[in-house]
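The values are calculated or read from the model by the stated rules, or taken from the named source; none is laboratory data. On a predicted model such as this, the values are computed, not experimentally measured, just so you know. No Cβ is skipped: glycine too gets one built from the backbone with ideal geometry, and neighbour counts run over all protein chains shown. With ligands, DNA and RNA removed, areas are computed over all heavy atoms of the protein, side chains included. Shrake-Rupley method; radii C 1.70, N 1.55, O 1.52, S 1.80 Å.
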There are 2 protein chains.
Amino acid sequence: MPNAFREPFLPLIRELVRTYQAFEAYSNAHVRELGLTPPQFDVIATLGNTPGMSCKELSERTLITKGTLTGVIDRLADKGLVGRQALAEDRRSVFVALTDAGQTLFDTVFPAHLAHMRQAFAAFDNDDLARQIAELAALRRAFGTAMEHYKR
Amino acid sequence: MPNAFREPFLPLIRELVRTYQAFEAYSNAHVRELGLTPPQFDVIATLGNTPGMSCKELSERTLITKGTLTGVIDRLADKGLVGRQALAEDRRSVFVALTDAGQTLFDTVFPAHLAHMRQAFAAFDNDDLARQIAELAALRRAFGTAMEHYKR
DNA sequence: CTAGGATAGTTCTAATTAGAACTAAATGGC
DNA sequence: GCCATTTAGTTCTAATTAGAACTATCCTAG
């Protein structure tokens, strides 16, 4: 959203959007080479080395909306990578876990992806990372606070 | 993409994703109230106060891919907000500009949206903004550099 | 205990996304 | 001038997105 009006925050918005897109481009280039879509990878990564979890928890952890998550899980189930089970203690809930094939895939692709991402961060030390995290957190909180006021 | 492995950059990735999503949630809540989708708003904002431009330039400025842009422009044209024209000097090109109705809408919604976004940044001074821009730019360049090496 | 309200997951809609395929047009090396 | 290559925009596919509607289930106040 360019166009003048001399608002000093506009360049920051632009930088945030471009940084996020650069991240996605870099991360997703690798994920797609693994034969997965980005959301599919997120689900597998989140389920990896866990006994599984409810759709609700998976949605919260991956930030994928529940409507979309159903489709993502469907397609992963079709690939034989995840399985669904009813939950006895809450019959509205569905328990989702990696299959053996899914866990095997996780064991292969997750370390590879970490190595891929690590390359982008090679030039940053821990102080750099901590500083960037703090700046982003401040920004995120500002949007969250503004959102609370807006919804009022 | 949670899961241990103790990689110090993982929290930064998470923060970037969450900050971007917080931005989108805040920005889009307002845009949707204006009766537009986020990409539609971007196109109108980009075309506002300009004589118009080619699809290619519009795509570059909004970061909307050309396949998607065709659909976005189609729907804006259906709303009577933009018009298309052939370009005499390059017959492959299409020139896109706001209609009078589109420019009127821009004159109404763009300042409103700036005011909306300004609220989120109220607590930041110009030094804050400059610092955040610099941190994000460093991060973006790191992804860009890693991407160049990856493509090689 | 009961009923109203909240919730989990699925289904649905309109829109968007990446990227490929395509056609028409432009470009530039030879 | 010719032709191979590149490019602009459209069309297409599979997947995803936000959010609403829905059904079944759970929770809690009275």
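State, to one decimal in nm and shortest first, how far the label point of B:Asp78 sits from each corresponding label point in the other identical copies (label point: 7 angstrom along Cα-to-Cβ).
Result, one decimal in nm: 2.6.
Across 5 Å bins from the origin, how do the percents of Cα pairs in the range B:75-122 run, short distances first?
Distribution as computed: 5, 19, 17, 15, 15, 12, 8, 5, 3, 0 percent.
Just the Cα atoms of the protein assembly as shown: what Rg and Dmax do they give in Å?
21.5, 69
Measuring from a point 7 Å out along Cα→Cβ, what nm distances, shortest first, does B:Thr108 have to its partners in the other copies?
5.6
Given charges of +1 on the Cβ of Lys and Arg and -1 on the Cβ of Asp and Glu, with all other atoms neutral, how large is the dipole of chain A about its Cα centre, in debye to the nearest 20?
Here the size comes out at about 560 debye.
I'd like the trypsin sites (Lys or Arg not before Pro) in the range A:1-63 restricted to DSSP loop residues with at most 13 other Cβ atoms within 10 Å, sorted by number.
A:Arg6
Keeping all protein chains in place, calculate the accessible area per residue for chain A (probe 1.4 angstrom), answer in Å².
Heavy-atom SASA per residue in chain A reads 52 Å².
I need the Kirkwood Rh of the range B:1-91: take the reciprocal of the average 1/r across all distinct C-alpha pairs and report it in angstrom.
The answer is 15.6 Å.
Can you pull out the buried accessible area for chains A and B, both sides counted, probe 1.4 Å, rounded to the nearest 100 Å²?
6300 Å²
Restricting to DSSP loop positions (anything but H, G, I, E, B) with no more than 13 other Cβ atoms inside 10 Å of their own Cβ, which chymotrypsin sites (Phe, Trp or Tyr not before Pro) remain in the range A:1-72?
In loop regions of the range A:1-72 (DSSP not H, G, I, E or B), the sparsely surrounded chymotrypsin sites (Phe, Trp or Tyr not before Pro) are A:Phe5.
Can you pull out the GluC sites (Glu not before Pro) in the range A:23-115 that DSSP calls coil and that have at most 15 other Cβ atoms within 10 Å?
Those satisfying the criteria are A:Glu89.
Divide, for chain B, the radius of gyration over alpha carbons by 2.2 N^0.38 Å, where N is the residue count.
1.27
Tell me which residues come under 5 Å, amide H to amide H, from A:Val94 once H is placed; ignore anything under 5 positions away on its chain.
Amide H neighbours of A:Val94, under 5 Å, 5+ apart: A:Cys55, A:Lys56.
Inter-copy label distances at A:Lys56, 7 Å along the Cα→beta-carbon direction, one decimal in nm, shortest first?
Distances to the matching label points in the other copies: 5.3 nm.
By Kyte-Doolittle mean hydropathy of at least -1.0 and Cα axial length of at least 20 Å, which whole DSSP H helices of chain A are selected?
Within chain A the helices that satisfy the rule are A:10-33, A:100-120, A:126-151.
In a shell of Cβ-Cβ distance under 13 Å around B:Tyr20, excluding B:Tyr20 itself, what net charge do Lys and Arg (+1) and Asp and Glu (-1) give?
Every neighbour counted, the sum reads +2.
Give the carbon-plus-sulfur fraction of the accessible surface of the range A:10-120 in %, rounded to a whole number; probe 1.4 Å, heavy atoms of protein chains only.
51 percent
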